[in-house]
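Peer 1: Right, I'll just put the structure down here and ask away after.
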Amino acid sequence: MTQSSFYPRFFGVVSLVALGYALFRIFEPFFSPILWAVLLAFLLHPVNTRLRPRLRGSPGAAAGLLTLVVMLGLAVPATLLAIVFAGQASDLAARASAAATRYQIVGPSDVFRIPLLQDALRWIEGRVPMTAPQIQDWILGSIKRVLGHLAASGGAIFVGALGMFASLILMLFLLFFFLRDGDAIALRLVRIVPMADERKGRLVEHLAAVTKAVVFGILVTAMVQGVLVGIAFGLVGLPSPVVFGAVAAACSLLPIGGTAFVWGPGAIALAVQGRWGAATFLVAWGAILVSTIDNLLRPLFISGRAQISTLPVFFGVLGGLAAFGPIGMFLGPVLVALALALMRFVEESQERETGSPSADQ
């Protein structure tokens, strides 16, 4: 490199880094709604493609209609579910308040005056090497820590709710433009990738398959499991099935335990009440039906369509959640799949250079 060409290249690299950092700081607060809008636009792309010819080939009309459908599809079900959820949560609070009055619960330690908890405490004491006071102190300490954390973060939760609403509005706004101009944006991004056209096509197809598999594998599986747990709670007469169904859907994302953290305590509560038939039914329903659905749907959507093993998906989901929040459930596995695909391309290039046979052959 000559001295005359060093300075322009150095200046170009420094300018590019500075510009990239400035753009990162500008768009950083909006990463979450941008990524959600991109994900929805990608999932709706087949519908968008079929809809445009029916609207006289107008990308704007198709994008506006789909954005309206997404808004109604998110707002109406979410509102109805929130109303039912709030009603059942209020019912749980009323039951707790009535129990507190009935058993004269004033302090946290008075909770163990409730016969159900007394029976459960005796049942646990007979099976673990701890005395009842030790178990009671441990439970109360855990409850105090959780309540203290919630009290300290109450303002943050309120601000977070407002921020979530603002992010939803921004996501819908961005979704319209990604649906209208997404094809041109994606084409320009693919063009600047320094890779052969054949490999770029394979890479795009692979990442698209991984994204669809993870979205459907995680969301569909979680929703089905939550619905099944809610149905079971309703059948055995446990309170607030919608609330516990939503909790079960969230717990299904855990790598260990999953929905058992919801239907397990429910079965124990039924057993302590002497309703052994209902408890047995709930255990069978959770262990056989709910767990079987998880073992069938998740591998079917994730491993089958994406051609990626469960282990990278597992680390991608957990690492993505820790790094990027809720959108990381989908972004993490896609990034892992991208890294694996690039490694595969490097191996293929080395095999072509050395003349050794490909592993696929």
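The values are calculated or read from the model by the stated rules, or taken from the named source; none is laboratory data. A quick note: this is a predicted structure, and the numbers were derived from the prediction, not measured. So basically every Cβ, Gly included, is an ideal-geometry build from the backbone, and we count neighbours across all protein chains shown.
Peer 1: Restricting to the range 178-204, count the residues that are outside any helix (DSSP H, G or I) and out of contact with any helix residue (DSSP H, G or I) (no Cβ under 8 Å at 6 or more places or on another chain).
Peer 2: 3
Peer 1: Next up: Give the residues of the range 22-76 that are among the small types (Gly, Ala, Ser) and exposed (fewer than 12 other Cβ atoms within 10 Å of the Cβ), sorted by residue number.
Peer 2: Ala22, Gly57, Gly73
Peer 1: Where in the range 214-298 are there helices (runs of 4 or more DSSP H), lying fully within it, with 1 or more residues that are surrounded by 21 or more Cβ atoms within 10 Å (Cβ to Cβ) and of a type in the set (Gly, Ala, Ser)?
Peer 2: So the answer is 221-236, 241-251, 260-272.
Peer 1: Here's something else I'd like to know. From Leu175, Leu207, grab the single residue that is part of a helix (DSSP H, G or I), at pLDDT 85 or above and not charged (D, E, K, R).
Peer 2: On inspection, the qualifying residue turns out to be Leu175.
Peer 1: Looking at Pro53, Pro46, which one is over 31 Å from the mean Cα position of the chain (by Cα), in a helix (DSSP H, G or I) and modelled with pLDDT of 65 or more?
Peer 2: The match here is Pro53.
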